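The values are calculated or read from the model by the stated rules, or taken from the named source; none is laboratory data. The model shown is predicted, which means the values in this text are computed figures rather than measured ones. A quick note on method: Cβ atoms are made from the backbone with ideal geometry, for glycine too, and the neighbour counts reach across all protein chains shown. These area figures cover heavy atoms from the full protein model, side chains too; ligands, DNA and RNA do not enter into them. Shrake-Rupley method; radii C 1.70, N 1.55, O 1.52, S 1.80 Å.
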Amino acid sequence: MLDWYDRHRRTLPWRALPGERPDPYRVWLSEVMLQQTTVATVRPRFEAWVARWPDAASLAAADEAEVMAAWAGLGYYARARNLVRAARAIATDHGGALPDTEEALRALPGLGDYTAAAVAAIAFGRRAVVVDANVERVVARLFRTAGKPAVRAAAETVTPDRRSGDFAQAMMDLGSAICTPRRPKCLLCPLASDCAAHAAGEEEAYPVKPAKKPRPARFGTIFWLEREQADGAREVLLVRRPAKGLLGGMRALPTGPWEDSQPGLSGAPVAADWLMLNQIVAHGFTHFTLELALAVARLDAHSASADGEWWPVDELAGAGLPTVFAKAATAIGRE
DNA sequence: GATTCGTGGTG
DNA sequence: TCACCAAGAAT
C-alpha cells in the first residue's frame, strides 16, 4: 500500500508533499471538515478557512458568530462550535500547540476515535489504527469480514508501525478511487490478489450495512418579514437558532414549529398581515424531510419591532444561513 | 447502543 | 429521480 501511495497519492491542500512536515492545524481542520463530507466540497472551503484563520491561535481568538457563518452550508454545525472550543483549549491547556498523542487529541471536543487517530498518525507520525468508512470498506472486503469490532481488529493487523499516517491516507485514496462502494475497479487494485471478497465475487456485499429506517416528513412555515429603510434599502428579519440541536447556533429565518402536518401561521414572529406564497421549499435532512411554506409580510419602519436582527436583503449571502434558509431566500427573491 | 446531528455528489 | 453515501461525534 505504501508503494502504491508513493505512486498514486492525491495532492490535496491539507496534505504535506513528500519530505515536508505536515501542519497539525491543517491536518486537524481538514479531518473535521471531512467528517461525513466529500473532498470536492471541502477543498474550496478549506482554502478559504485557512486564509482567514491560518492557525489555532487565530481560531481561538475568533468571534464565534463569524466562525458559525463561515461554516454555513457545510452541515453538522456542532463541528464548528467544537472547533472553536478545541482551539481555545489548545491555547489555554496546551501552550498553543496541538497535543501530539492520540489520547490527548481524543480529549478535545470534536475529536472522536477516528479523528484523534488520524491526526496522531498523519500530523505527528504516531502509530495509530485509523478506521474511517474507506478503511472499513477496504478491510471488510480484504478479509471478507463484517462488524466494526472485527474490521477494527483486522485493520490493526495490517497497519504498519512506520508511516501509519501514509498508510491511512493510502487506504482512503484507494477507497475513494478504486475500492468504491459500488462497482469497485478491482482491475486497478493493488490488493486484488489478496482480497477475499474479490475472490468470492462478492465485493459489493461488503461492508455489511444496517437497514435504514424511512425518513418521516415534517412541515413548517418560514416567515419572511421585511421592512424598508428611509433610503429604500430592504431589510429582512433574521434570528439566531438555539445553541444546541438542529442547525444549532446558526443565523436563520424565523420558522414556526415543524410538525406532521402544515402548521400554517402558528409561531409567527409578529402579528402581521401575512401572505402565504403559493410555493414550497423542500429540504432533506438526515433523519426527516421538511416541506416549508413561505409566509411574507412587511412592517413599516415606525411599527412595533420584532426580536431578531434586521439584515440587508442584498447582503443575505454574507449572513451565513444554512442551506434550507438560503433556498428559501432564493425562492422568495424570485417572486 | 440507538439517535441525532446537514449537505451535495452520484449511479 | 431518488436512494445511497461520505476522511464521524456526541449524547
Problem set entry | Residue among A:E228, A:E204 that is within 27 Å of the chain's Cα centre (by Cα), more than 26 Å from A:R15 (Cβ to Cβ), open to solvent by 70 Å² or more (accessible area, probe 1.4 Å) and among the acidic types (D, E) | A:E204
Exercise. Out of curiosity, is A:E156 acidic (D, E) and either under 26 Å from the mean Cα position of the chain (by Cα) or within 16 Å of DNA strand B (Cβ to nearest atom) (or both)?
Worked result: no
For this session: Just need a number here: residues in segment A:184-214 that are touching a helix residue (DSSP H, G or I) at 6+ places or on another chain (Cβ under 8 Å), without any contact (Cβ under 8 Å) to a residue 60 or more places away in the chain and outside any helix (DSSP H, G or I).
Result: 4
Exercise. Is it the case that A:G110 is closer than 30 Å to A:A317 by Cβ, touching a residue at least 60 places away in the same chain (Cβ under 8 Å), in contact with a Leu (Cβ under 7 Å, 6 or more places away or on another chain) and open to solvent by 20 Å² or more (accessible area, probe 1.4 Å)?
Worked result: yes
Seminar exercise, completed: Result of the Cβ filter at 7 Å on segment A:239-251, keeping first residues that are within 22 Å of A:L225 (Cα to Cα) and partners that are near DNA strand B (Cβ under 6 Å from one of its atoms) and aliphatic (A, V, I, L, M), at least 6 apart or interchain, is A:R241/A:L247
Problem set entry | Subset of segment A:267-301 [open to solvent by less than 30 Å² (accessible area, probe 1.4 Å), among the aliphatic types (A, V, I, L, M) and more than 17 Å from A:A329 (Cβ to Cβ)] | A:V270, A:L299
Seminar exercise, completed: Subset of segment A:283-335, residues in contact with a strand residue (DSSP E or B) (Cβ under 8 Å, 6 or more places away or on another chain) and within 16 Å of DNA strand C (Cβ to nearest atom), comes to A:H283, A:G284, A:F288, A:T289, A:L290, A:E291, A:P322, A:T323, A:V324, A:K327
Exercise. Since A:S305 meets every condition but one in (1) modelled with pLDDT under 95; (2) of a type in the set (S, T, Y); (3) open to solvent by less than 60 Å² (accessible area, probe 1.4 Å), which condition does it not meet?
Worked result: (3)
Seminar exercise, completed: Checked against (1) modelled with pLDDT of 95 or more; (2) on the phi < 0 side of the Ramachandran plot, A:Q36 satisfies every condition except (2)
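Determine which member of the set A:A133, A:A123, A:A140, A:A116 is small (G, A, S) and touching a Leu at 6+ places or on another chain (Cβ under 6 Å).
That would be A:A116, the only listed residue that is small (G, A, S) and touching a Leu at 6+ places or on another chain (Cβ under 6 Å).
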Exercise. Of all residues in segment A:215-225, which are assigned to a strand (DSSP E or B) and either open to solvent by 60 Å² or more (accessible area, probe 1.4 Å) or under 16 Å from A:A329 (Cβ atoms) (or both)?
Worked result: A:R218, A:G220, A:T221, A:I222, A:F223, A:W224, A:L225
Exercise. Pairs under 9 Å by beta carbon, first residue closer than 17 Å to A:G264 by Cα in segment A:278-289, partner of a type outside the set (V, I, T) and modelled with pLDDT under 95, six or more apart or different chains?
Worked result: A:Q279/A:A331; A:Q279/A:R334; A:Q279/A:E335; A:I280/A:A331; A:V281/A:A331
For this session: Considering (1) in a helix (DSSP H, G or I); (2) away from DNA strand B (no atom under 16 Å from the Cβ); (3) among the charged types (D, E, K, R), say which one A:R79 fails and leave the rest.
Result: (2)
Exercise. Can you name every residue in segment A:231-266 that is in contact with an Asp or Glu (Cβ under 7 Å, 6 or more places away or on another chain) and open to solvent by 70 Å² or more (accessible area, probe 1.4 Å)?
Worked result: A:R234
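Within segment A:234-335, which strands (runs of 3 or more DSSP E) (wholly inside it) include 2 or more residues that are within 16 Å of DNA strand B (Cβ to nearest atom) and touching a Leu at 6+ places or on another chain (Cβ under 8 Å)? Steps first, answer last, please.
Details: elements: A:234-240, A:275-284, A:289-299, A:309-312.
The qualifying strands (runs of 3 or more DSSP E) are A:234-240, A:275-284.
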